[in-house]
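J.: Can you read through this structure? Questions will come right after.
The values are calculated or read from the model by the stated rules, or taken from the named source; none is laboratory data. If you're wondering where the values come from, they're calculated on a predicted model, not measured in any experiment. Backbone-built Cβ (ideal geometry, glycine too); neighbour counts: all protein chains shown.
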Amino acid sequence: MRVYVPLTLSGLAEAYKTGELGAGPIVAYAVTPALREWYLSDDIEELEYAALNRAAVASLRLLAVDPGAVRRRVVVAVDVADRDAVGDPDRGLDPGALGEVRVSGAVPLAKAAAVHVDLVDAEGDVGAAVEALGAADHGDDDAQFVVDGAEDHELLWFATQEIPNLVGLGD
């Protein structure tokens with residue numbers, strides 16, 4: 001199963017140094033039955049894109065708790081065994097949990113298929129979205145508009161071999 005793990009650039013640097021995304025359980029996003037029902041599509045590429053976007057929003061939340069982090073969203077696409085990625089059945093179609101899974105056990109960075117990262121030019125909009133998250137969570141439509149503005153920036157695809165350059169450890 002392909003899962004999308006939200007991170008920050010500093011989290012990606014740590015994963016690169018340690019060789020794993022974490023010891024688990026790790027919060028990730030995937031094409032779950034609830035996401036399929038919510039999205040109303042059978043196109044797997046569209047569904048995976050929706051899961052990726054859910055992870056990108058989760059990356060914003062990670063940025064919100066790390067004021068020193070570079071304001072760029074990071075999502076790592078990883079292939080794990082289906083049995084290792086489990087959703088919370090009690091949350092059903094809760095909009096905050098659509099596509100959310102917990103990956104048990106350690107997740108080696110070597111299992112990563114790709115990394116998705118904002119370009120530098122997204123930092124302003126991503127930073128504004130991070131600042132607006134709290135108000136958006138409390139129903140402020142203007143703040144939600146700012147948060148949604150981060151989605152105007154497509155996360156770019158990078159090969160795993162490019163991680164050292166992304167986190168400033170390259171030659």
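J.: For segment 144-161, indicate whether the set of residues that are in contact with a helix residue (DSSP H, G or I) (Cβ under 8 Å, 6 or more places away or on another chain), assigned to a helix (DSSP H, G or I) and closer than 15 Å to Leu21 by Cβ is non-empty.
T.: yes
J.: Residues in segment 91-103: is at least one touching a helix residue (DSSP H, G or I) at 6+ places or on another chain (Cβ under 9 Å), over 26 Å from Ile44 (Cα atoms) and surrounded by 13 or more Cβ atoms within 10 Å (Cβ to Cβ)?
T.: There is no residue in segment 91-103 that is touching a helix residue (DSSP H, G or I) at 6+ places or on another chain (Cβ under 9 Å), over 26 Å from Ile44 (Cα atoms) and surrounded by 13 or more Cβ atoms within 10 Å (Cβ to Cβ).
J.: It is to be established whether one or more residues within segment 4-14 are touching a Phe, Trp or Tyr at 6+ places or on another chain (Cβ under 8 Å), within 20 Å of Asp125 (Cα to Cα) and hydrophobic (A, V, I, L, M, F, W, C).
T.: no
J.: OK, next. Could you identify the single residue in Arg71, Arg83, Arg61 that is farther than 27 Å from Ala159 by Cβ and either of a type outside the set (Asp, Glu) or part of a strand (DSSP E or B) (or both)?
T.: None of the other options fit; the residue is Arg83.
J.: Sticking with this structure for a sec: Could you give every pair whose Cβ atoms fall below 9 Å, whose first residue belongs to segment 152-167 and is loosely packed, with under 11 Cβ neighbours inside 10 Å, and whose second residue is assigned to a strand (DSSP E or B), counting only separations of at least 6 or pairs across chains?
T.: Ala159/Ala114; Ala159/Val115
J.: Which ones in segment 17-47 are surrounded by fewer than 17 Cβ atoms within 10 Å (Cβ to Cβ), part of a helix (DSSP H, G or I) and at pLDDT 85 or above?
T.: Residues satisfying the conditions are Lys17, Thr18, Ile44, Glu45, Glu46.
J.: If you go through segment 77-90 one residue at a time, do you hit one that is more than 19 Å from Val5 (Cβ to Cβ) and at pLDDT below 90?
T.: Yes, the conditions are met somewhere in segment 77-90.
J.: Can you tell which of Ala51, Ala129 is within 18 Å of Leu35 (Cα to Cα) and at pLDDT 90 or above?
T.: Ala51
J.: Applying the selection to segment 111-125, what residues are at pLDDT 95 or above and among the β-branched types (Val, Ile, Thr)?
T.: Within segment 111-125, Val115, Val117 meet the criteria.
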